[in-house]
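Following: one structure in structure tokens, then a few remarks.
The values are calculated or read from the model by the stated rules, or taken from the named source; none is laboratory data. Remember, predicted model here, so these are calculated numbers, not experimental data. All Cβ positions, glycine included, derive from the backbone under ideal geometry; neighbour counts span all protein chains shown. The protein model used for the area step is the full one, side chains on, heavy atoms only, and it has no ligands, DNA or RNA in it. Shrake-Rupley method; radii C 1.70, N 1.55, O 1.52, S 1.80 Å.
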Amino acid sequence: MSESRPAAVIILAAGEGRRMKSRTPKVLHSLCGRTMLGHVLAAVSELDPEELVVVAGHGRQQVSEEAGRQAPRARVVVQEEQLGTGHAVRMVTEALGVPHGTVVVTYADMPLLRGQTLRELAGRHSAAGNAVTVLTARGDAAGYGRIVRDAGGGFVRIVEESDATPAELAIDEYNSGCYAFDGELLADAIKRLTTDNNQNQEYLTDVLEILREAGHTIGTVLAADVAEIKGINDRVQLAAARRVLNDRILDRCMRGGVTITDPASTWVDITVAIGQDAEIRPQTQLQGRTAIGAGARVGPGCTLEDTVVGEDATVLYAVCRQAEIGPGATVGPFAYLRPGSTVERDAHVGTYVEVKNSVIGAGAKVPHLTYVGDAHIGERSNIGAGTIFANYDGVAKHHTTVGHDAFIGSDTVLVAPLIVGDGAYTAAGSAITEDVPPGALGIARGRQHNSEGWVERNREGSRSAQAASQARAAQLARGGDSPEPRTALQARGDHPPETLVD
Ligand code: UD1
Ligand code: CA
């Protein structure tokens, strides 16, 4: 289809979109991980036009930046005042000259349009040698310009809804806002537009009537899928379009071998990749550059943004941003992986664990109630419940390294900067402020002192005092006197890393 390669594609994106009631220009509202403008740029790139032009006006700075991000070769033409779709196209022909060949014009508020549909439109346009070919649809035409035909079914003109008679309003064929023009005829006719209509605008749609009256052939192509040509004017329509696009993405995933247990509550951005036999469970959102490996299970209740999940990993009830989860690793329930977090192969990040800018080494476990910030945890190390990597001194962030096969006792505070060596232990409840050499046990906590009989002396008559008296009496009856130290180790004054939770 190279003969129908268009000379230019013009995307109109200058309107404010007042019906969005937003500070953000309409075409920069997003669905499925891309702005409306971004979706349209992706679709038109399939036409491989010689020239790609975006008309910007309202919010031109942001619109130009987005155009540059999504399609670096796009040229931006500014329409100072939004005086209509025809006026917008006139700004392009005045700025860039008359294009020789096919010019495709489309609106940036049609995010569901497929590149394939545009290719067919351009192809049929050049094959038929039309002056202009317009993409139309049939169905509920409310809000759209209607296609007026003569008794023989020939194209007459497009009438905007606000200018239509009751009879014209009853027409069920409508204008998509997507056209293939002969460039020279377009450039000529566009100069002859008037603002003689209810919106006092230069309508691009009037070009078709002008060309027909001059004796040129106007073609129409009926869109096969009405959903594709939905123009988004307000947030209700945006939500409906998002649903349609999400369904398209999920269909593609499922046909590619992915299990989606609840499509209704699963939202996947167009930029996401999911491997075969992965299972995406309910209430899950996969966003941005997220990639899910083959056989991985994600959800229920996950929001993953720019996150890579390895093969056969499991992630449930987790929020992960710019994180990497290795093959076979398990994350959650109720985990939060912040940017720069890497959970290596077969490692485990469990419940109420937050990780930031850290590596959890292969096979290591951080099972419960822990904050890991700016740290590197070596392979197979075990981080006890309630451990805090204290990385911030109020001014700067510092790094902690825990070696491999280390054992951090429950409720340890590791005050960075710090190195805990390979195979080292820390005692539960320690505030570790100095490096722990490999294989050493780091203890940093007050020694326990039991004040015998304190409760009976100071809480006389309380339930606790009664319980204490009863226990003492029972002990005496058994022939004991004072309570035994708990362990021989304690008797020697050497503290074990007790209260390990697993
Ligand atoms: C337009 C069509 C209508 C069609 C419908 C399809 C005209 C006159 N009407 O109506 O026949 O059925 O789209 O969705 O073309 N824009 C500019 N500059 C302007 C005005 C608009 O760049 O001065 C851009 C907008 O940003 C938008 C697009 O053109 O992306 C369409 O404008 P909009 O106001 O939404 O047109 P509709 O009233 O929907
Ligand atoms: Ca519109």
Over all alpha-carbon pairs of segment 1-150, lay out the pair-distance distribution in 10 Å bins, whole %, shortest bin first. 11, 40, 37, 11, 0
Report, to the nearest whole %, how much of the accessible area of the chain belongs to carbon and sulfur atoms, 1.4 Å probe, protein only. 49 percent
Any chance you could give the angle, 0 to 90 degrees and rounded to 10, that helix 235-255 forms with the longest Cα principal axis of the chain? 70 degrees
The ³J(HN,Hα) series, computed from each phi in segment 286-303 with the Karplus coefficients 6.51, -1.76 and 1.60 at θ = phi - 60°, rounded to the nearest Hz and given as x for glycine or proline, is 10, 10, x, 8, 5, 9, 10, x, 4, x, 6, 10, 10, x, x, x, 10, 10
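Direction-averaged shadow area of the convex hull around the Cα atoms of segment 59-140, nm²?
7.2 nm²
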Rounded to one decimal in Å, the inverse mean reciprocal Cα-Cα distance for segment 157-260, i.e. its Kirkwood radius, is 16.8 Å
Mean shadow area (nm²) of the C-alpha convex hull around the chain is 34.8 nm²
Projecting each Cα onto the charge dipole of the chain (Lys/Arg +1, Asp/Glu -1 at the beta carbon, about the Cα centre), which of 152, 476, 246 comes out farthest on the positive side? 476
Could you compute Rg(Cα) / (2.2 N^0.38 Å) for segment 275-408, with N its residue count? 0.98
If you look for lysine pairs in the chain that are eight or more places apart or on different chains, how many of them have Cα atoms under 25 Å apart? 5
Using just the Cα positions, wrap segment 229-301 in a convex hull and report its mean projected area in square nanometres, one decimal place. 4.9 nm²
Segment 1-89 - share of DSSP beta bridges that are antiparallel (%, nearest 5): 15 percent
Rel. contact order, % - alpha carbon contacts under 8 angstrom, at least six apart, the chain: 8 percent
Per-q log10 I(q)/I(0), segment 389-448, q = 0.23 Å⁻¹ (Debye; single scatterer per alpha-carbon; no solvent): -0.84
Across the alpha-carbon set of segment 296-356, Rg over Rh with Rh taken as the Kirkwood radius works out to 0.89
Give the peptides 98-108, 449-459, 291-301, 239-249 in descending order of average Cβ contacts within 10 Å, highest first. 98-108, 291-301, 239-249, 449-459
Two-site label geometry, residue 264 and residue 477: point separation in nm, points 7 Å out along Cα→Cβ: 6.3 nm
Let's see if you can work this out: charge +1 on each Lys and Arg Cβ, -1 on each Asp and Glu Cβ, no other charges. What is the dipole magnitude of the chain about its Cα centre, in debye to the nearest 20? 1040 debye
The chain - mean residue ellipticity at 222 nm from DSSP helices (-39,500 (n - 2.57) per run, n ≥ 4, rounded to 500): -6500 deg cm²/dmol
With the calculation restricted to Cα positions, what are the radius of gyration and Dmax of segment 346-423 in angstrom? 11.0, 35
Just the number, please: percent antiparallel of the DSSP beta bridges in the chain, rounded to the nearest 5. 20 percent
Counting all Cα-Cα pairs in segment 342-479, those more than 17 Å apart amount in percent to 63 percent
Between residue 95 and residue 191, the two model label points (7 Å from Cα along the beta-carbon direction) sit apart by a distance in nm of 2.0 nm
Candidates per GluC sites (Glu not before Pro) in segment 137-243, loop by DSSP, up to 14 other Cβ within 10 Å: none
What accessible area per residue comes out for the chain, rounded to a whole number of Å², with a 1.4 Å probe? 47 Å²
Could you give the length gained by full extension between residue 399 and residue 462, i.e. 0.36 nm per residue of separation minus their alpha carbon distance, to one decimal place? 17.8 nm
